[in-house]
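Reviewing the structure listed below.
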Amino acid sequence: MSLQIYLSGKLVPQEQAVVSVFDHGLLYGDGVFEGIRVYGSKVFLEQEHIDRLYESALSIRLEIPLTPDQMIKAVRDTVAANNITNGYVRLVVTRGAGTLGIDPQRTSNPQVIVIADSISLYPQELYDNGLKLITASTIRNHSAALSPRIKSLNYLNNILAKIEGTDAGTVEALMLNHKGEVAECTGDNIFIVKNGVLKTPPPEAGILEGLTRNAVIGLARSAGIEVQEVPLVRHDIFTADECFLTGTAAEVIAAVSLDGRTIGTGKPGPVTDDLLERFRNLTTA
Ligand code: PMP
């Protein structure tokens, strides 16, 4: 079935949703994006995603040709036009078409693209038993080079780490920062539970500040669980009681081994299960 895609001002059938080969989003990864869930026909964490998109754009000095309210309307219209009840929205803003040089001043017409589609999730088996991780040798981008807080179209850093995971037979891979501290996984944030305390790296560790991460921190605190945003190293993961990942697509999923070493009992733990349930309640609220 053909999807209706929002492309710079109107909804068009996917076959007609094309951008220029001179678009700097394609030529240089010059652009920003968001991945958003739709639950029960509602756009989940809508304002938070829009805020992060505009902050990413501001950081790379990309002026989005829509106001945030117009962007929200474009997202909602695209979801409605495709009858998406539970699905996924990819929101992309490119720098627009330019010359073959990198100069963003010589581009025009930033393209706003909204795709609303179904979502492919991790298999249930991974939620039941937890997933395995390896540590990628590719470190996370140094934040003074390209801040991981920017959700940019330039994902090669994560893709290279993802390939390492795939080669090792894992669906996710742990990325360290330039100091050797735990940063995040290729498309998910990471948490551990140690003696009842929830710990996760702070934004300064060089991570994308995930909205699922932030929601889980809020849920944990309201449930009376202590949460610390502190630097972590691999030792903390090897010796953790529980470990889990968070992300828009994954929601909350246990990680039960790292580099072949079992974490905790080797099964999803009670705090992870509890937070997944609380998170799912939030998505259906
Ligand atoms: N880190 C990276 C590198 C990501 O790409 C993502 C999103 N896929 C996340 C973390 C999780 O962020 P969110 O919870 O906002 O999806």
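Where a number appears in this text, it was derived from the coordinates with a stated rule and is not lab data. The structure displayed is predicted, hence computed values, not measured ones. Cβ placement follows ideal geometry from the backbone for every residue including glycine, while neighbour counts extend to all protein chains displayed.
Scoring 80-90, 128-138 by mean Cβ neighbours within 10 Å over their residues and listing the highest first yields 128-138, 80-90. Within the chain, the proportion of Cα pairs with more than 34 Å between them is 21 percent.
The helix-only estimate of mean residue ellipticity at 222 nm for the chain, built from DSSP H runs of length n ≥ 4 each weighted as -39500 (n - 2.57), is -8500 deg cm²/dmol after division by the residue total. About the centre of its Cα atoms, region 25-104 shows a dipole size close to 260 debye [charges on the beta carbon of Lys, Arg (+1) and Asp, Glu (-1) only; nearest 20 debye]. May I ask you to list the residues of region 212-227 whose amide nitrogen lies under 13 Å from a point 7 Å from Cα along the Cα→beta-carbon direction of Thr283? From region 212-227, the list is 212-213, 216. Restriction of the trypsin sites (Lys or Arg not before Pro) in region 161-231 to DSSP coil positions whose beta-carbon has at most 13 other beta-carbons within 10 angstrom yields Lys179.
Listed cross-link partners Lys10/Lys199; Lys42/Lys151; Lys73/Lys199 are compared with a 32 Å cut-off, the Cα-Cα value being larger for Lys10/Lys199; Lys73/Lys199.
On a C-alpha basis, how far is the centre of region 259-274 from the centre of region 119-133 in Å? Whole number, if you could? Their Cα centres are 13 Å away from one another. Of the GluC sites (Glu not before Pro) found in region 1-76, those that fall in a DSSP loop while having at most 13 other beta-carbon atoms within 10 Å are Glu63. Semi-axis lengths, largest first, of the ellipsoid equivalent to region 33-106 are 27, 13, 10 Å, with √(5λ) applied to each eigenvalue of the Cα gyration tensor. Peptides 271-279, 92-100, ordered by how many other C-beta atoms sit within 10 Å of their residues on average, highest first, read 92-100, 271-279.
Here r is the Cβ-Cβ distance between Ser222 and Asn86 and R0 is 25 Å; the resulting FRET efficiency, rounded to 0.05, is 0.50. When both region 192-257 and region 1-66 are represented by their alpha-carbon centers, they are found 28 Å apart. A straight line joining the Cα centroids of region 137-161 and region 75-115 runs 21 Å. Based on alpha carbons, the Rg and Dmax found for region 164-285 are 13.3, 40 Å. Computed on region 184-283, with alpha-carbon pairs under 8 angstrom and 6+ residues apart, the relative contact order is 28 percent.
By the rule of a C-alpha distance below 20 Å, with chain neighbours fewer than 8 residues away ignored, the aspartates and glutamates paired with Lys194 are Glu181, Glu184, Glu226, Glu229, Asp236, Asp241, Glu242, Asp259, Asp273, Asp274, Glu277.
Shown in residue order for region 157-166 are the 3J(HN,Hα) couplings computed by the Karplus curve 6.51 cos²θ - 1.76 cosθ + 1.60 at θ = phi - 60°: 4, 6, 5, 5, 5, 4, 4, 4, x, 4 Hz (x for Gly and Pro).
Under 5 Å between amide hydrogens, built in the peptide plane, is the criterion, and for Glu242 it picks out Val193 among residues at least 5 positions away or on other chains.
Taking the charge dipole of the chain about its Cα centre, with +1 at Lys and Arg Cβ atoms and -1 at Asp and Glu Cβ atoms, the residue from Ala173, Val114, Ile192 reaching farthest to the positive side is Val114. With unit charges on the beta carbons (Lys and Arg positive, Asp and Glu negative) and the dipole taken about the Cα centre of the chain, which residue among Ile84, Gly25, Ser152 sits farthest to the positive side? Ranked along the dipole, the leading option is Gly25. Placing dummy labels 7 Å off each Cα toward the beta-carbon, the span from Ala249 to Thr99 is 3.7 nm.
Equivalent ellipsoid semi-axes for region 46-197, as square roots of 5 times the alpha carbon gyration tensor eigenvalues: give them largest first, rounded to whole Å. Let's see the in-between values first.
On the way: eigenvalues 184, 103, 45 Å².
In descending order the semi-axes read 30, 23, 15 Å.
Beyond 15 Å, how much of the Cα-Cα pair distribution for region 95-161 remains, as a whole percent? The answer is 75 percent, as a whole percent.
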